[in-house]
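Have a look at the structure below before the remarks.
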Amino acid sequence: MKIEHIAIWTTNLEALKSYYETYFGAKSNDKYINPTTGFESYFLTFDGGARLEIMRKPDLSESNRNENNQNNCGLTHLAFGASSKEEVNQKAKTLQEAGFQILRGPRTTGDGYYEFETLDPDNNRLEVTTPA
């Protein structure tokens, strides 16, 4: 078995799509729109075949989100694998220069990874990591 895809809700579908295309090389399918319900989604495919479904619906509220998604059960972060420490450092620099906050790192973790943490435009926590 493999994970087919992971899905997340967003209130700004186009901004989130653009973020993952620009900074993580995602390739998007055509937008799906359900004209009856107003539901919209994209599937974003990354190198290696992993897919992220980003979804929006008209009545979606941000009121149930907490800052940095750190105090709820469930999904806590998405991790992107880099090929080297240099790639981790470059991605952190690129995101920081684009105005995205680097929460921690780049650093070597106790379990042997070199990584940094950031947030996407919807405050979903991301890690960019490589084995140290």
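The values are calculated or read from the model by the stated rules, or taken from the named source; none is laboratory data. Quick caveat, the model's predicted, so the values are computed rather than measured. Cβ: placed from backbone, ideal geometry, glycine included. Neighbour counts: every protein chain shown.
The table below lists the values:
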read-out: Residues of segment 112-132 satisfying the condition of being crowded, with 20+ Cβ neighbours inside 10 Å and aliphatic (A, V, I, L, M); value: L126, V128
read-out: Count of residues meeting criterion [buried (at least 16 other Cβ atoms within 10 Å of the Cβ), modelled with pLDDT under 90 and of a type in the set (D, E, K, R)] in segment 34-77; value: 0
read-out: Where F80 falls short, out of the listed (1) at pLDDT 95 or above; (2) over 17 Å from N124 (Cβ atoms); value: (2)
read-out: Filter result for the condition that a residue is part of a helix (DSSP H, G or I), in contact (Cβ under 8 Å) with a residue 12 or more places away in the chain and not small (G, A, S), over Y42, Y20; value: Y20
read-out: Residue within segment 103-119 that is assigned to a loop (DSSP other than H, G, I, E, B) and within 17 Å of the chain's Cα centre (by Cα) present; value: no
